[in-house]
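Below is one structure, written out as structure tokens; the observations come after it.
Taken together, the values in this text are just the output of simple stated rules run on the coordinates, not laboratory data. Computed from a prediction, not measured in an experiment: that's the story for all the values here. Ideal geometry is used to build each Cβ from the backbone, glycine not excepted, and the neighbour counts take in all protein chains shown.
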Amino acid sequence: MYYVFLALAVGLVILSVIVFFGRVIPGPSVFDRLTGILVIGTNAIIFLLLLGAMDERLGMYVDMSMAYAAIGFITLLVLGKYFERKGDVDR
Amino acid sequence: MTYLAVFFLVAGFFFILVGTVGVLRLPDFFTRMHAVGKCDTLGMLLCLIGLMIYEGASLVSLKLLYIWVFLLMANPTATHVFCRAALKCGLKPWTRMEGQG
Amino acid sequence: MAAKTTAPSTHSRKRAEIVHFVFLTSALFVFWFILSGKTEARYLIIGFVTALAITVAARPLLILPPDQGRPYWLSLWDLPWPRVALYIPWLIWQIIVANIQMAMIILHPKLPVDPKVVQFRKHISHPVGRLALANSITLTPGTITLDLEEDGYTIHCLQGGFAGGVVAEDGEGVMPAKVGAVFGVEPVSTTRQD
């Protein structure tokens, strides 16, 4: 029962990521795209952890998601700073 | 204990879905950031609490706690960086008056 | 807290530097231990050497821009930790309230949003206090921080009514007062309501 629930949850996270691609691709400004990428990154962390829980090897997946969280955060900070200096909203 | 974990996971997914719907429905960038900065953060934190309860007291749940604290600080900071960059680039906040006229 | 407002002396600078060094090294070592989970002496020695090397390498990064004419260290050890520990449960409760309100707004068929931008000023001497105030505003009902310049905060409110949480008509709102009380403000620049 718990596995069925976890599988449903993974499906839900994938659905959320797909919906967010609907915001990343047409997004009117570059910051909408960045927001979409931020949320996709955080959903990917949850996705990895759920896969680990399904696999009964959460210890391995939790390391990956830690690295993903740190790298994704720093990447987005750098991108935000870059576009702030560039000042081009419409791309 | 499993039921408590499932409760937290369900609550987390509810808020993640609310954040997703909000990003699709809200009219402009700054209002979308409300949905991202709040709903998504809480959704993720609740999911992590659910996984921590499921895992029990171990080194893995300590690592999950580290991710929890990191996301609690990192997500609002990223939101703030984007908002500030958008404001500096001259993105005007949407208002009800302009929307009607 | 008090050491920061008094006149600088080389002795206290030196002491702050040493405390910083020990604090950061031990924090990094504990972090290594959580990540590796091994208790053999070889791994512990590798971890300790790594923590020491990172502390030495990252030393110039943690000197902050001068406040009142002198540089100072990013100092986590002189935070008022008991008050911070009391503040966190209140913040989590506010986050839950904020999310339920947000869910009601987003799932409402008419989407009742009426955005408004407000500004206020608040001086908090500790940089971690400023970070905490900006992040708390982002996480609590209907408001996000758009910009933070020195002491001036620019806040975006989802509905006009939410502005009351951060700026009141006479004085300051609940959130700046609360964070200011936790992290300590210099009495000259506060604008208390009572």
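Using only Cα atoms, tell me the angle between helix A:2-24 and the longest principal axis of chain A; keep it within 0 to 90° and round to the nearest 10. Long axis of A:2-24 versus the principal axis of chain A: about 10 degrees. Taking the fewest neighbouring Cβ atoms within 10 Å as the starting point, the ordered list for B:CYS89, B:CYS39 is B:CYS89, B:CYS39.
Under unit Cβ charges (Lys, Arg +1; Asp, Glu -1), what dipole magnitude, rounded to 20 debye, does region C:81-182 have relative to its Cα centre?
Values: 7 positive and 8 negative charges, 62 e Å.
So the dipole magnitude of region C:81-182 works out to roughly 300 debye.
Rounded to the nearest 20, the Cβ-based charge dipole of chain B about its Cα centre (Lys and Arg +1, Asp and Glu -1) stands at 320 debye.
By the beta-carbon count within 10 Å of each Cβ, the least crowded to most crowded order of C:LEU86, B:LEU24, A:LEU38, fewest first, is C:LEU86, B:LEU24, A:LEU38. Solvent-free Debye calculation, one equal scatterer per alpha-carbon of chain A: log10 I(q)/I(0) at 0.20 Å⁻¹ equals -0.95.
Given the pairs B:LYS38/C:LYS38; B:LYS88/C:LYS178; A:LYS86/C:LYS110; B:LYS63/C:LYS116; B:LYS63/C:LYS122; A:LYS81/C:LYS110, which are separated by over 31 angstrom at their Cα positions? Present the calculation step by step, with values, prior to reporting the outcome.
Details: B:LYS38/C:LYS38 37 Å; B:LYS88/C:LYS178 29 Å; A:LYS86/C:LYS110 37 Å; B:LYS63/C:LYS116 39 Å; B:LYS63/C:LYS122 36 Å; A:LYS81/C:LYS110 35 Å.
Among B:LYS38/C:LYS38; B:LYS88/C:LYS178; A:LYS86/C:LYS110; B:LYS63/C:LYS116; B:LYS63/C:LYS122; A:LYS81/C:LYS110, the Cα-Cα distance tops 31 Å for B:LYS38/C:LYS38; A:LYS86/C:LYS110; B:LYS63/C:LYS116; B:LYS63/C:LYS122; A:LYS81/C:LYS110.
Listing C:VAL49, C:VAL128 from the residue with the fewest other Cβ atoms within 10 Å to the one with the most, what is the order? Final ranking by Cβ density, sparse to dense: C:VAL49, C:VAL128.
Look at the dipole of chain B built from charges on Cβ: of B:LEU17, B:ALA78, B:ILE49, the Cα furthest out on the positive end belongs to B:ALA78.
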